[in-house]
Amino acid sequence: MTITPRDMSKAAEKAAVLIEALPWIQKFAGTTMVIKYGGNAMVSDELREAFVQDMVFLHHCGIHPVVVHGGGPQISEMLDKLDIESEFRGGLRVTTEETMEVVRMVLTGKVGRQLVGLINAHGTYAVGMSGEDADLFVAHRTQHVIDGEQLDLGLVGDVVNVNTAPITDLIANGRIPVVSSVAPEVDPDTNQPTGQVLNVNADTAAAELAAALGAAKLVVLTDVEGLYGNWPDPSSLITSITADELRGMLDRLESGMIPKMRACLSAVESGVPQAHIVDGRQPHSMLLEIFTTAGVGTQVTP
């Protein structure tokens, strides 16, 4: 016989959390959510495992998570190990052919494989792929203009077309796609492949994929609580903002937040009902944003 004293108040709190989540689970069951994985959630063992648990939880709630990842810190670390110099212009990495080989190796061969392995430790769920596989992404080379100067960043691009078939096939077979953000280049004039592979921003790639899939949500993990109306004042955290309001703020945002908020805006303008910025430094913050009434990050709506 085992006698164990129980604290029913804590049990009641847990039950209340589950009940609060129920209408959100009912609402989103059967839908697709695209999650951009990055920031501290990528480099902390504790946060990586929490993210993986979130993906498996979504899967078992009947939601179809699709993960898109970058890996800037891991790329920089590998370039340093190989004694390859990184050049930045206007705060953006110039990607030479030599650098691009490292980008492909790190994103697809290391970061993606690590995440797939962690998810599959919980069951045979995840399948890794890159934007090169099955013509998932097609990209054009990016033209950046900063302070009136046009910058040549080399093999850096923007996704201009998404072939959703390989993703929907995986989802139909009960898998969690894990996508690394590289893409084959096509010539914008001839629409023919150039034979080059481009390094694409994972935030914008995730937004394009969410729009193409008709996702219910785009969720972007970052290293702050959300969007601040007056950076860095934490009391100015914006919990919800419309596309029109966000469009008027973009030029005033802190530089690191601009591509993330542009991605959210692009997704919502392309028909995704909601986009979210959540704090990847906090375990399970994504679930709190999706499945609780209050939420914890910033929500962008049409």
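Here, each number is a calculation from the coordinates, and none is a lab measurement. On a predicted model such as this, the values are computed, not experimentally measured, just so you know. Cβ coordinates were reconstructed from backbone atoms using ideal geometry, including for glycine residues, and neighbour counts include every protein chain displayed.
Annotations
- Difference of contour (0.36 nm per residue) and Cα-Cα distance, Glu20 to Asn173: 52.1 nm
- Using the Cβ-Cβ distance between Val145 and Lys27 with R0 set to 45 Å, the FRET efficiency works out to roughly 0.60.
- For segment 1-118, convex hull of alpha carbons as volume per residue, Å³: 190
- For segment 228-248 versus segment 55-118, the gap between their alpha-carbon centres in whole angstrom: 29
- In percent, rounded to a whole number, the relative contact order of the chain is 21, using alpha-carbon pairs under 8 Å and six or more apart.
- The C-alpha radius of gyration of segment 31-98, expressed as a fraction of 2.2 N^0.38 Å, stands at 1.46.
- Binning all Cα-Cα separations of segment 123-177 at 10 Å, short to long from zero, yields these whole-percent fractions: 21, 35, 22, 15, 5, 0.
- Each label point was placed 7 Å from the Cα along the Cα-to-Cβ direction; for Glu49 and Thr164 their separation is 3.6 nm.
- Label point of His122 set 7 angstrom out along Cα-Cβ; within segment 260-291, amide nitrogens under 17 Å from it belong to 280-291.
- Neighbour cut-off at most 16 other Cβ (10 Å), DSSP loop, GluC sites (Glu not before Pro), segment 199-302: Glu254
- Prolate/oblate/rounded label for segment 212-302 (Cα gyration tensor, a/c 1.5): oblate
- You can think of it this way: the chain between Asp152 and Ala12 has 44.5 nm of extra reach, that is 0.36 nm per residue less the Cα-Cα gap.
- Percent of C-alpha pairs per 10 Å bin in the chain, short distances first: 6, 27, 35, 22, 7, 2, 1, 0.
- Fraction of alpha-carbon pairs over 14 Å apart in segment 71-130 - percent: 59
- Computed [θ] at 222 nm, helices only, for the chain once each DSSP H run of length n ≥ 4 contributes -39500 (n - 2.57): -11500 deg cm²/dmol
- Extension gain from Asp244 to Ile258, taking 0.36 nm per residue of separation minus the Cα-Cα distance: 3.5 nm
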